[in-house]
Amino acid sequence: MQASSVSGFKTMSIAGPAIMLLGMLMFALNDTMGKWLVASYGLGQVVLLRSLAALVILVPIVWMAGLPAIRNAEKPWMQLARVVCSTTEVFSFYYAVMYLPLADVMTYWLAAPIYVAALSPLLLGDRVGWRRWTAIAIGFVGVIITLEPSSAMFTAPAVISIIGSAAFAFMMISGRFLRGTPDTTLVFFQVCGAGIAGLCFAPFDWSPVQSGFDLGLLGLLGIVAMAAHVLVNRALKISDAATVAPLQYTLLLWAVVFGWLFFGDVPRLSMIVGAALIVASGLFIFVREQMLKKRDTVLPAIPE
């Protein structure tokens with residue numbers, strides 16, 4: 001019996017990271033397909049079709065869970081704010097990858113946990129000590145290095161990238177206020193929000209689908225994104241966050257590989273240095289928060 005329990009534990013400990021890594025790969029594939037498609041089709045068109053494909057999977061799930069979960073969702077205004085942020089984030093990402101290498105855009109988005117840590121004292125009332133403030137400052141230096149301080153910092157793609165990553169950070173923060181809302185409901189709202197925005201913009205920049213391959217990609221885009229969300233949520237349920245959350249940074253590796261394979265992007269030195277600082281900062285902030293959570297269960301008032 002003991003041997004069986006140990007074997008089961010080992011399987012679970014391996015499954016969580018494996019599922020998380022697969023989820024990150026799916027997100028990277030989704031982002032790569034999106035970059036490929038926005039080169040030929042309108043931004044609103046891609047977002048609309050992506051949302052419709054995701055709803056094909058989501059609607060039956062929501063129906064089985066029961067409509068009251070949608071009608072009676074907590075904090076309606078916070079739900080609306082989250083939808084606005086998620087829609088801004090989606091449009092910003094696809095706009096940014098139209099003009100910038102995939103790895104550059106992914107680097108800006110991976111800075112979101114740094115923004116969350118910086119804003120948490122103001123918006124969430126969290127205490128942030130000097131160690132995490134130092135890590136936050138280093139992360140911001142990494143963002144500036146990636147931007148390459150010059151007049152290019154103020155080009156539309158670079159500015160939109162920062163806006164999009166900030167919107168993603170606010171999405172993460174809003175999730176803290178909406179802990180009682182099921183994941184399926186949150187995803188359903190954000191997919192609907194993006195779909196409605198896509199429907200508004202699509203008629204102004206609609207292009208006929210050029211091939212069956214593109215049609216397949218347009219349909220697959222939302223399905224792959226949904227699969228990625230399911231995989232990540234599953235990984236977080238069967239493994240401790242401290243084990244699987246740092247694996248999100250493998251997104252950057254996939255962005256470099258796929259950017260080179262499909263678009264011929266060669267990482268800039270400034271991007272590599274900036275990304276290294278952002279990843280190191282994000283990992284330190286995460287590890288520090290996990291340490292404090294464990295200590296607070298014993299000594300709630302322990303200083304940072």
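Coordinate-derived values only; no laboratory data. For clarity, every value in this text was computed on a predicted model and none was experimentally measured. Cβ sites come from the backbone with ideal geometry, for glycine too, and all protein chains shown count toward neighbours.
Phi angles across the stretch 23-40 convert, under the Karplus curve 6.51 cos²θ - 1.76 cosθ + 1.60 with θ = phi - 60°, into 3J(HN,Hα) values of x, 5, 4, 5, 4, 5, 5, 4, 5, 5, 4, x, 5, 4, 6, 6, 6, 10 Hz, Gly and Pro given as x.
The Cα center of the stretch 158-197 and the Cα center of the stretch 70-88 differ in position by 8 Å. Note on the stretch 1-132: Cα Rg divided by 2.2 N^0.38 Å, N the number of residues, gives 1.41. Here the Karplus relation 6.51 cos²θ - 1.76 cosθ + 1.60, evaluated at θ = phi - 60°, turns the backbone of the stretch 247-252 into coupling constants of 6, 4, 6, 5, 4, 5 Hz, with x for every Gly and Pro.
Rounded to whole numbers, the Karplus 3J(HN,Hα) couplings from phi for the stretch 65-74 are 6, x, 5, x, 4, 7, 5, 9, 4, 5 Hz, using 6.51 cos²θ - 1.76 cosθ + 1.60 with θ = phi - 60°, and x at Gly and Pro. Here the stretch 231-284 yields Rg over Rh of 1.08, to two decimals, using C-alpha coordinates and the Kirkwood radius. In loop segments of the stretch 175-257 as defined by DSSP, the chymotrypsin sites (Phe, Trp or Tyr not before Pro) with at most 16 further C-beta atoms inside 10 Å of their C-beta are W206. In the stretch 180-286, one over the average inverse separation of all distinct C-alpha pairs is 17.4 Å, which is the Kirkwood hydrodynamic radius. What shape does the stretch 169-227 take by its C-alpha gyration tensor, where a ≥ b ≥ c are the square roots of the eigenvalues and a/c under 1.5 counts as rounded, a/b above b/c as prolate, and the rest as oblate? It comes out prolate by the Cα gyration axes.
If exposed trypsin sites (Lys or Arg not before Pro) are those in a DSSP loop with at most 13 other Cβ within 10 Å, what is the longest stretch of the chain that has none? Value returned for the longest uninterrupted segment is 1-126. Along its first, second and third principal axes, ordered by size, the stretch 82-162 spans 39, 32, 19 Å in Cα coordinates.
Both the radius of gyration and Dmax for the stretch 19-61 are 12.1, 33 Å, in that order, over alpha-carbon atoms.
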